[in-house]
Amino acid sequence: MDNKVELTVQGVANSRVQSNAYALILKDDGTRRLPVIIGLPEAQSIAVALEGMATPRPMTHDLIVGMTHAFRLKLKEVFIYRFEDGVFFSELVFQESDGTEARIDSRTSDAVALALRLRCPIYTFESLLQRCAITPVAEAEEGMPPDDTDPEEIHDPQLLRKWLKRQEAYEIEAMLERAVGEEKYELAKIYQDELMRREPADHPK
């Protein structure tokens, strides 16, 4: 049976591969980081919640929080349960006063924005974390190029494969698209191999 792992929000960073997009960084209790690409409005809402800022008028997520309190519902947990075609799928697990649970489909960015405001836990499958998470290197390895290196400048295929293991999946997908567009098929094959290495045997449901 696939175990559930609790995540916390590390922060929001600019996306290096998509304009007007941000990376929501979730982390487990170790070194693994789960990046989720989100839009500007959601990034702002999450940042407001992280900083505990007060806004002059309620934001959309604040409005939902107010409705939750008014109807005496409890957001029991947020569950990120699937990753498909570059998109994370999440659900909100609400608990009514009689203990009945209701599960509502949600974008992951909205779910996290609500979880921060309602102080509820965020979970995902261990298998999903193994597939999509990255593990930052605490110290630079000797001879390892920095993360912001252009991969085409790494001429040793073995070193390139090792370097790719440190990169996020969405970044490798962008490298693959560029390499195919420029007909650099040897590089494209290396990028594709790394993405396939991260694919699970089957998808958690």
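The values are calculated or read from the model by the stated rules, or taken from the named source; none is laboratory data. All figures in this text were calculated on a predicted structure; none of them were measured in a lab. Backbone-built Cβ (ideal geometry, glycine too); neighbour counts: all protein chains shown. The area values use the complete protein model at the heavy-atom level, side chains included, leaving out ligands, DNA and RNA. Shrake-Rupley method; radii C 1.70, N 1.55, O 1.52, S 1.80 Å.
Quick look at the values:
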{"item": "Ile80 being touching a residue at least 40 places away in the same chain (Cβ under 8 Å), open to solvent by 50 Å² or more (accessible area, probe 1.4 Å) and in the same structural domain as Ala13 (by the TED database)", "result": "no"}
{"item": "Test: residue in region 39-48 that is within 12 Å of the chain's Cα centre (by Cα) and on the phi < 0 side of the Ramachandran plot", "result": "no"}
{"item": "Residue match in region 79-100 (condition: on the phi > 0 side of the Ramachandran plot and acidic (Asp, Glu))", "result": "yes"}
{"item": "Region 100-135, residues that are within 12 Å of the chain's Cα centre (by Cα) and either part of a loop (DSSP other than H, G, I, E, B) or more than 21 Å from Ser45 (Cβ to Cβ) (or both)", "result": "Leu128, Leu129, Arg131, Cys132, Ala133, Ile134"}
{"item": "Candidates Leu50, Leu73 - the one that is in contact with a helix residue (DSSP H, G or I) (Cβ under 9 Å, 6 or more places away or on another chain), open to solvent by 50 Å² or more (accessible area, probe 1.4 Å) and more than 25 Å from Ala21 (Cβ to Cβ)", "result": "Leu73"}
{"item": "Residue check, Glu141 modelled with pLDDT under 85 and not assigned by the TED database to the domain that holds Glu51", "result": "yes"}
